[in-house]
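Structure first, then comments.
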Amino acid sequence: MDLQLKDKVAVVMAASKGLGAATARVFAEEGAHVVISARNAQALHATAQDIARCTDVRVLPVVADSSKAADIARLIDTAVRTFGRIDALVANAGGPPAGRFIDFDDAAWHNAIELTLMSTVRAARAVIPVMQQQGGGSITFITSVSVKHALDNLVFSNSLRLAVAGMVKTLAREVGPDNIRVNLICPGYTATDRILELAAAHARRNGTTVEAELAKSGAHTALGRVASVEEFARPCVFLASPAASYITGTALVVDGGQSRSL
Ligand code: NAP
């Protein structure tokens, strides 16, 4: 199947590592030029060079913090000034801190809201006029399987990602007439560096191995294992591509069957 991404332009936020980086790489492999952002310039430029070396598209790194309004505006503006259009936006940020309800004060909630909710609001607000003017596009928000079922010790994710889900349902209806599709993608356990580091820490504490700790996490899924980053990135790029032209206002769960709800 042709995803119809050749010479299209994709912006992937928070993409020097993990799910964002893997998604940007698949876009590039499919022939789309990519704009990637993150806070650490060195890691971001290294990822951009690596993707550019393995593909024949242009890769533009823009240092930007997803939790800062001015950075998001600059990211979208730079992408448009460089490429003249944005066909796909994948909005992403680092995960909010783990913890229980009782652990967090107002300041912590405000920070989490800026990172997990307002980053998506601002990214969509910045890119919609661009997509309206060019006649369409897609916006995909990377959230979590916490949209489908509450995860222990993750009160911010369990609360704020549902706000993003509600926004997607509303926004999809509002911008559908402009040929703009808006969707959520909800990863489950995926073997990013962060997850591998956590598994390594648990292995040290429990006297086990990284593989054994990953196997414990994967045991909660129907497939009995965690995902590779590519297993997340491929459906993400499909959802964002013109090949998914009739899919909007929905949540695509990529969790290996971890969630028991429909
Ligand atoms: P990761 O491996 O830790 O990578 C995070 C990437 O985002 C890095 O490139 C990082 O670069 C960038 N980043 C972090 N905070 C940022 C910010 N404020 N502004 C801009 N860039 C930022 O994370 P991941 O596992 O790919 O997770 C991505 C998202 O998916 C998170 O929201 C996470 O909670 C969610 N998620 C992940 C999983 C999983 O199993 N991996 C499961 C469910 C949900 P800098 O640090 O240089 O900015």
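The values are calculated or read from the model by the stated rules, or taken from the named source; none is laboratory data. Since we're looking at a predicted model, the values are computed, not measured. Positions of Cβ are generated from backbone atoms using ideal geometry, with glycine treated the same way; all protein chains shown enter the neighbour counts.
Can you list the helices (runs of 4 or more DSSP H) found entirely within region 14-121 that contain at least 1 residues being under 17 Å from the mean Cα position of the chain (by Cα) and of a type in the set (Val, Ile, Thr)? Give the steps one after another, and end with the answer.
On the way: elements: 18-29, 41-54, 69-83, 106-112.
Qualifying helices (runs of 4 or more DSSP H): 18-29, 41-54, 69-83.
Does region 219-230 hold any residues that are within 11 Å of the ligand (Cβ to nearest atom) and outside any loop (DSSP other than H, G, I, E, B), and which are they?
Ala227, Val229
Has region 150-158 got any residue that is in a strand (DSSP E or B) and surrounded by fewer than 22 Cβ atoms within 10 Å (Cβ to Cβ)? Spell out how you get there, then give the answer.
Quick first cut of region 150-158, residues in a strand (DSSP E or B) only: 154.
Now restrict to residues that are surrounded by fewer than 22 Cβ atoms within 10 Å (Cβ to Cβ): 154.
Yes: region 150-158 contains one or more residues that are in a strand (DSSP E or B) and surrounded by fewer than 22 Cβ atoms within 10 Å (Cβ to Cβ).
If you scan region 203-262, which residues turn out to be under 30 Å from Arg173 (Cβ atoms) and of a type in the set (S, T, N, Q)? Spell out the reasoning first.
We begin by selecting, within region 203-262, every residue under 30 Å from Arg173 (Cβ atoms); these are 232-255, 257-262.
Ser241, Ser245, Thr248, Thr250, Gln258, Ser259, Ser261 - these are the residues of region 203-262 that are under 30 Å from Arg173 (Cβ atoms) and of a type in the set (S, T, N, Q).
In the list Arg205, Arg181, Arg260, Arg225, which residue meets the criterion of being within 30 Å of Pro129 (Cα to Cα) and among the charged types (D, E, K, R)? Steps first, answer last, please.
Details: Arg205 fails: within 30 Å of Pro129 (Cα to Cα); Arg260 fails: within 30 Å of Pro129 (Cα to Cα); Arg225 fails: within 30 Å of Pro129 (Cα to Cα).
Testing whether each residue is within 30 Å of Pro129 (Cα to Cα) and among the charged types (D, E, K, R) leaves just Arg181.
Just one of Thr170, Thr192, Thr208, Thr143 is loosely packed, with under 15 Cβ neighbours inside 10 Å, among the hydroxyl-bearing types (Ser, Thr, Tyr) and in contact with a helix residue (DSSP H, G or I) (Cβ under 9 Å, 6 or more places away or on another chain); which is it?
Thr208
Suppose the filter is within 16 Å of the ligand (Cβ to nearest atom), in a helix (DSSP H, G or I) and out of contact with any helix residue (DSSP H, G or I) (no Cβ under 8 Å at 6 or more places or on another chain); does Gln133 pass it? Talk me through it step by step, then tell me what you get.
Values: within 16 Å of the ligand (Cβ to nearest atom): no; in a helix (DSSP H, G or I): yes; out of contact with any helix residue (DSSP H, G or I) (no Cβ under 8 Å at 6 or more places or on another chain): yes.
No, not satisfied.
Condition check ((1) among the aromatic types (Phe, Trp, Tyr); (2) more than 9 Å from the ligand (Cβ to nearest atom); (3) on the phi > 0 side of the Ramachandran plot) across all residues:
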{"site": "Pro96", "(1), (2), (3)": "no, no, no"}
{"site": "Phe101", "(1), (2), (3)": "yes, yes, no"}
{"site": "Asp106", "(1), (2), (3)": "no, yes, no"}
{"site": "Ala126", "(1), (2), (3)": "no, yes, no"}
{"site": "Val147", "(1), (2), (3)": "no, yes, no"}
{"site": "Phe156", "(1), (2), (3)": "yes, yes, no"}
{"site": "Val164", "(1), (2), (3)": "no, yes, no"}
{"site": "Asp178", "(1), (2), (3)": "no, yes, no"}
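Do we have Thr248 as surrounded by 14 or more Cβ atoms within 10 Å (Cβ to Cβ), of a type in the set (S, T, N, Q), at pLDDT 95 or above and closer than 16 Å to Ala91 by Cβ here?
Working: surrounded by 14 or more Cβ atoms within 10 Å (Cβ to Cβ): yes; of a type in the set (S, T, N, Q): yes; at pLDDT 95 or above: yes; closer than 16 Å to Ala91 by Cβ: yes.
Here the answer is yes, as Thr248 does meet what is asked.
Note down all Cβ pairs under 9 Å where the first residue falls in region 100-123 and is outside the structural domain of Phe141 (by TED's automatic domain parsing) and touching a residue at least 12 places away in the same chain (Cβ under 8 Å), the second is in a helix (DSSP H, G or I) and of a type in the set (Ser, Thr, Tyr), and they're at least six residues apart or on different chains.
Once the first residue is outside the structural domain of Phe141 (by TED's automatic domain parsing) and touching a residue at least 12 places away in the same chain (Cβ under 8 Å) and sits in region 100-123, no partner that is in a helix (DSSP H, G or I) and of a type in the set (Ser, Thr, Tyr) comes close enough.
So which pairs qualify, if the first residue must be in region 190-216 and part of a helix (DSSP H, G or I), the second must be more than 9 Å from the ligand (Cβ to nearest atom) and hydroxyl-bearing (Ser, Thr, Tyr), the Cβ gap must be under 6 Å, and the two must be at least 6 apart or on different chains?
Going by the 6 Å Cβ cut-off, the qualifying pairs are Ala203/Thr209.
Please go through region 147-184 and give me each residue that is of a type in the set (D, E, K, R) and touching a Ser or Thr at 6+ places or on another chain (Cβ under 8 Å), ordered by number. Working first, answer last.
First pass over region 147-184, keeping only residues of a type in the set (D, E, K, R): 148, 152, 161, 169, 173-174, 178, 181.
Listed by number, the residues that qualify are Lys148, Arg161, Arg181.
From the residues in region 32-79 that are β-branched (Val, Ile, Thr) and over 18 Å from Lys17 (Cα atoms), which one is nearest to the ligand (Cβ to nearest atom)? I'd like the intermediate steps shown before the answer.
Step one: filter region 32-79 for residues β-branched (Val, Ile, Thr), giving 34-36, 47, 51, 55, 57, 59, 62-63, 72, 76, 78.
Now drop any that are not over 18 Å from Lys17 (Cα atoms), which leaves 57, 72, 76, 78.
Details: Val57: 19, Ile72: 9, Ile76: 14, Thr78: 14 Å.
Selected residue: Ile72.
Can you name every residue in region 1-36 that is among the charged types (D, E, K, R) and over 15 Å from Thr82 (Cβ atoms)? Explain how you work it out, then say what you get.
Within region 1-36, the first condition is being among the charged types (D, E, K, R), and the residues that meet it are 2, 6-8, 17, 25, 29-30.
Those that are among the charged types (D, E, K, R) and over 15 Å from Thr82 (Cβ atoms): Asp2, Lys6, Lys17, Arg25, Glu29, Glu30.
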